[in-house]
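The structure appears right after this line, and notes come after that.
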Amino acid sequence: MVSIEELRACAAKLLDEGKVKAVIGYRRGSAGLLAEPCVIDQPADTESLIWDPGCVHNLALYLVKDKKAQAASKTPDKRPLAVVAKGCDSRAVAVLLQENFFKREDVVVIGVSCEGTGVVDARKLAAKLKGRTASQVEFDGADGFKVTIGNTESRVPASEILADRCLECRAPSPVLNDVLFGTAVEQRELAMPFTAVKAAEAASEEERWASWEHHFDRCLRCFACRSVCPMCYCPECVVDSTSFVITAETSAEDKANRVRWCERSAGSGESALYHLTRAMHLAGRCVDCGECERVCPVNIPLRLLNTKLEMEAFEMFEYQAGRDVSQASLLSSFRDEDPNSFVR
Amino acid sequence: MEKILCKESFAGWLAALKGYDLYAPAFADAVWNHARIEAGTTPELDHTNTVRSVKEFAFPQREVFFRFEQTKGGAPTLTATVPDPAPTVIFGVRPCDGRAMPRNDKVFAAEFKDPYYWARRDKLTLVGLACAEPHSPNCFCQALGGAPDAEEGLDILMTDLGDRYHVKGVTGRGIEIMVRGSDAFDEARAADKKQVQERHAAARAVGQRGVNDLGKIAEAIRQRFDDALWQDMARTCIGCGICTFLCPTCHCFDINDEVICQSPCSGERVRTWDNCQFADFTMHTSGHNPRHDLGARLRQRISHKFLYFVDNHGTQQCTGCGRCISECPVGIDIVRVLDTVSQP
Amino acid sequence: MLNPAKTMTPVQDDFEPKIVAFLCKWCSSAGSDLAGVSRLQYPPNAVPIQVMCSGSVSPLYIMSAFKKGADGVLVSGCHPGDCHYMKGNYFARRRLFLVQKLLNFVGLEKDRFRMSWVSAAEGAKFAEVVGDFVRDIKALGPQRRLKVRR
């Protein structure tokens, strides 16, 4: 078990000794059962840190945000940041290090092992409750949760409301950490890699398209999937066109003809381009933290697109994102024996 | 007009509404949303609240203003595309969403009467359903002058009495569809009315989240425009568009020309939802962005709802539906923000 | 060489597919030129877009072509080992392997996307690749899945 007291003490010590400028962790939110991310800069505030199955967020995102903010600042604070990281989150840190987005000394990873469990999927829970919201979810032994709705408590097996990514997780302990809380677990009992994507693949081409057309049509283009993803750090996304330079000489025709890969309109065609391009940009980089799927307000199974590519990368190229900071990235490397039979 | 509708007679009422497009909440993909229903079916109306609000029935995410075409050397031709939808009835509208519509109406009729909005709005009949209890822990309608049984903005208010509904015609448009289905209704007796009052009182008595000093908030926002608290509260904001796209009163939009073909030049001028949380919302052509960070964007969202709208229209642009709290990926909580701003 | 038996297969006569062909400047584009100067007969459905290297074809180009209504997309480059930039076609092969898997995963028909190696000397192969592609796409009919609807 992760000792939250020890974790708090560790965070307070890091701040006290001035080793980090802030600790990014989880605290109890006011918005429902899930925790909320917090940035703590005072040792006393570490008392609010928590660790429970509602700590779903991938906090590596805030390392990216800080790096960007410092790069834009005239007086950057270059002290390192500490981050509470689960197995998946630590893989995200590893990919960011692999891509030289920041340096190892810029980050202190406070690893937490998910051990036998994982985090709760609020949508699965809501689906069980037909949209109603639970007020609290707690671990209840290794394979179950205690769910509180109003005044009633019930016990739900972990396999029913654990996030898919946790059920399929192959590395529940942080691969990369400076300090680890909880027991390091190599392989978990529940691990069923690629279950969801294999189930989706089993459908026929027509069924697959019918399902994805339905999903792409529902996309609101709120871009929460992109905003929450630690790997989506491009200064400008291809679906926006904010860097088109306009001068006094720019004609109306130039403006009208500027490259716009994607229109603002939501709809199946535009949204398919956005989601498929995004999936390709994450090929070999997605660490399966499942955040894109979790935040989607209309519940599009976005994780499937990424795990499909993750599965191909694993099976065809023996590549796993975030496994090793020193490995060459999936798409900037190749082998002679890469599949060639699909090429005419 | 007050009537009683036995739940078995619901289908009979709908059958009488020939020529109308009918919508009711449906639970699909683990979320509640409005779905088309056929006359003769019986909607269950056991929903919480839809993720997407009713605003899109008058203000869809994509609206074509006109089509254009120009052959080389010829004069451009424009084709008007003001919509002419069938009269539409939406069942199960929660009172918070009902109260949102008059606020949207103010915006689209204040200076200019928006023909696209009103072409749809004038065909819309909103059949509300009083809440028996808050459908989410983040409901705060009563803090903003609403109620679980508020009639404002609704054409009909229905109250669930177990095996039957109490149906109250609020506007002429609402009474019209009740008259059309008059065979399905029974007269409401004094005992029924008493029961309705009891239900409403019980629903009002259930605790909701509250907003402190609502009257002082506008001034507090004005005073604290440059306060560091905005930055502080937006520290974990990821800058996605969930809060505004799902909001029943957010109405900002963008207008683009979507060129379909270069030669002959043809395309559409399109209005799409836009979002003050996106970086390109205020981006100038020079590249300067006056709202350059998430703190400024959070301030804008709150100021628009609780200061500028109050100045311009005499009411808050928020009805306490709680969507922006429940769906926020990182737990940014508008009630907490308001309390923080109004605390000296 | 064109295989007469293949090209004679009856298909929907009224449908002429539009194919966007990204051809590398050094091999495939030259190969298509050779097909032309050799006066080989092959269907005129492919719109060639010359790129510097098959490795420079972003997945975005492919998605965009489908979005704008292409019935098929062809990416053609130098044979492995022959890349003008040494490694570009190897990168392309790995990347586009994933693209075709992803496109099919969401339900786009397998035959809508194709990759080929055509050298500058292989005018006949280019004609055959395009001929086969057009035949296969004619059998599928117009691409409507990823095309934007207005």
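Any residue in the stretch B:273-295 that is buried (at least 19 other Cβ atoms within 10 Å of the Cβ), more than 9 Å from chain A (Cβ to nearest Cβ), in contact with a helix residue (DSSP H, G or I) (Cβ under 7 Å, 6 or more places away or on another chain) and outside any loop (DSSP other than H, G, I, E, B)?
yes
For the stretch A:295-342, enumerate the residues that are among the charged types (D, E, K, R) and open to solvent by less than 40 Å² (accessible area, probe 1.4 Å).
Correct list: A:303, A:308, A:310, A:312, A:338.
From A:287, A:298, A:238, A:259, grab the single residue that is without any contact (Cβ under 8 Å) to a residue 24 or more places away in the chain, aliphatic (A, V, I, L, M) and over 21 Å from residue B:294 (Cβ atoms).
A:259
Being farther than 19 Å from residue B:237 by Cα, open to solvent by less than 30 Å² (accessible area, probe 1.4 Å) and in a strand (DSSP E or B) is the requirement here; does residue A:84 meet it?
So residue A:84 fails the test.
So if I check each of C:63, C:52, which one is closer than 28 Å to residue B:258 by Cβ, modelled with pLDDT of 95 or more and of a type outside the set (Val, Ile, Thr)?
The match here is C:63.
Exactly one condition in (1) part of a helix (DSSP H, G or I); (2) of a type in the set (Gly, Ala, Ser); (3) open to solvent by 20 Å² or more (accessible area, probe 1.4 Å) is false for residue C:65; which is it?
Of everything listed in (1) part of a helix (DSSP H, G or I); (2) of a type in the set (Gly, Ala, Ser); (3) open to solvent by 20 Å² or more (accessible area, probe 1.4 Å), residue C:65 misses just condition (3).
Give the residues of the stretch A:314-339 that are outside any helix (DSSP H, G or I), closer than 23 Å to residue A:176 by Cα and touching a Lys or Arg at 6+ places or on another chain (Cβ under 6 Å), sorted by residue number.
Within the stretch A:314-339, A:321, A:322 qualify.
If you scan the stretch B:150-174, which residues turn out to be of a type in the set (Gly, Ala, Ser) and modelled with pLDDT of 95 or more?
B:150, B:153, B:169, B:172, B:174
So, in the stretch C:88-102, of the ones that are over 15 Å from residue C:21 (Cα atoms) and more than 7 Å from chain A (Cβ to nearest Cβ), which residue ends up surrounded by the fewest Cβ atoms within 10 Å (Cβ to Cβ)?
Selected residue: C:88.
With respect to residue B:341, determine if the residue is within 22 Å of residue A:36 (Cα to Cα) and either open to solvent by less than 20 Å² (accessible area, probe 1.4 Å) or assigned to a helix (DSSP H, G or I) (or both).
In short, yes.
Looking at this structure, is residue B:328 within 14 Å of chain A (Cβ to nearest Cβ) and touching a residue at least 12 places away in the same chain (Cβ under 8 Å)?
Yes.
Output the residues belonging to the stretch A:60-81 that are of a type in the set (A, V, I, L, M, F, W, C) and either surrounded by 16 or more Cβ atoms within 10 Å (Cβ to Cβ) or in a loop (DSSP other than H, G, I, E, B) (or both).
Within the stretch A:60-81, A:60, A:61, A:63, A:64, A:81 meet the criteria.
Only residues in the stretch B:94-118 that are farther than 13 Å from residue B:146 by Cα count as the first member; pair them with residues that are in a helix (DSSP H, G or I), Cβ under 6 angstrom, at least 6 apart or cross-chain, and list the lot.
B:104/B:55; B:106/B:313; B:108/B:117
Can you name the strands (runs of 3 or more DSSP E) wholly within the stretch B:137-239 that have at least 3 residues being within 26 Å of residue B:94 (Cβ to Cβ)?
Passing ranges, in order: B:156-160, B:164-169.
Scan A:18, A:25 and give me the residue that is at positive phi and either assigned to a loop (DSSP other than H, G, I, E, B) or within 14 Å of another protein chain (Cβ to nearest Cβ) (or both).
A:18
Evaluate the following for residue A:223: is it within 30 Å of residue B:236 (Cα to Cα), at pLDDT 95 or above, touching a His at 6+ places or on another chain (Cβ under 8 Å) and outside the structural domain of residue A:71 (by TED's automatic domain parsing)?
no
Out of all the residues in the stretch B:91-125, which are out of contact with any Ser or Thr (no Cβ under 7 Å at 6 or more places or on another chain), among the aliphatic types (A, V, I, L, M) and within 18 Å of residue B:60 (Cβ to Cβ)?
Hits for the stretch B:91-125 are B:93, B:101, B:107, B:109, B:119.
So which residues in the stretch B:161-170 are under 14 Å from residue B:5 (Cα atoms) and open to solvent by 50 Å² or more (accessible area, probe 1.4 Å)?
If the condition is that a residue be under 14 Å from residue B:5 (Cα atoms) and open to solvent by 50 Å² or more (accessible area, probe 1.4 Å), then B:163, B:168 are the ones that fit.
Give the residues of the stretch A:37-47 that are touching a residue at least 12 places away in the same chain (Cβ under 8 Å) and either within 13 Å of chain B (Cβ to nearest Cβ) or part of a loop (DSSP other than H, G, I, E, B) (or both), sorted by residue number.
Hits for the stretch A:37-47 are A:37, A:38, A:39, A:40, A:41, A:42.
Can you tell me which residue among B:173, B:180 is crowded, with 17+ Cβ neighbours inside 10 Å and of a type in the set (Lys, Arg)?
B:173 is the lone residue from the list that is crowded, with 17+ Cβ neighbours inside 10 Å and of a type in the set (Lys, Arg).
Being hydrophobic (A, V, I, L, M, F, W, C), at pLDDT 95 or above, on the phi < 0 side of the Ramachandran plot and outside the structural domain of residue B:105 (by TED's automatic domain parsing), is that true of even one residue in the stretch B:308-316?
Yes, some residue in the stretch B:308-316 is hydrophobic (A, V, I, L, M, F, W, C), at pLDDT 95 or above, on the phi < 0 side of the Ramachandran plot and outside the structural domain of residue B:105 (by TED's automatic domain parsing).
Condition check ((1) within 14 Å of chain A (Cβ to nearest Cβ); (2) open to solvent by 40 Å² or more (accessible area, probe 1.4 Å); (3) part of a helix (DSSP H, G or I)) across all residues:
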position	(1), (2), (3)
B:19	no, yes, no
B:22	no, no, no
B:32	yes, no, no
B:35	yes, no, no
B:39	no, yes, no
B:42	no, yes, no
B:46	yes, yes, no
B:50	yes, no, no
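Might you let me know whether the stretch B:80-91 holds any residue that is within 14 Å of chain A (Cβ to nearest Cβ) and not in a loop (DSSP other than H, G, I, E, B)?
No.
Inside the stretch B:127-136, can you point out the residues that are in contact with a Gly (Cβ under 6 Å, 6 or more places away or on another chain) and either in a strand (DSSP E or B) or in the same structural domain as residue B:316 (by TED's automatic domain parsing) (or both)?
Once the filter is applied, which keeps residues that are in contact with a Gly (Cβ under 6 Å, 6 or more places away or on another chain) and either in a strand (DSSP E or B) or in the same structural domain as residue B:316 (by TED's automatic domain parsing) (or both), the stretch B:127-136 yields B:128, B:129.
Taking residue A:285 as the residue in question, decide whether it is more than 7 Å from chain C (Cβ to nearest Cβ), part of a helix (DSSP H, G or I), modelled with pLDDT of 95 or more and under 29 Å from residue A:124 (Cα atoms).
The answer is no for residue A:285.
Within the stretch C:104-130, track down each residue that is at the interface with chain A (Cβ under 8 Å from one of its Cβ atoms), touching a residue at least 40 places away in the same chain (Cβ under 8 Å) and in a helix (DSSP H, G or I).
C:129
Can you name every residue in the stretch B:308-325 that is open to solvent by 10 Å² or more (accessible area, probe 1.4 Å) and more than 10 Å from every other protein chain (Cβ to nearest Cβ)?
If the condition is that a residue be open to solvent by 10 Å² or more (accessible area, probe 1.4 Å) and more than 10 Å from every other protein chain (Cβ to nearest Cβ), then B:308, B:310, B:311, B:312, B:313, B:314, B:315, B:316, B:318, B:321 are the ones that fit.
The values are calculated or read from the model by the stated rules, or taken from the named source; none is laboratory data. What you see is a predicted model; the values in this text were computed from it and never measured. Please note: Cβ atoms are built from the backbone with ideal geometry, for glycine as well, and neighbour counts cover all protein chains shown. The protein model used for the area step is the full one, side chains on, heavy atoms only, and it has no ligands, DNA or RNA in it. Shrake-Rupley method; radii C 1.70, N 1.55, O 1.52, S 1.80 Å.
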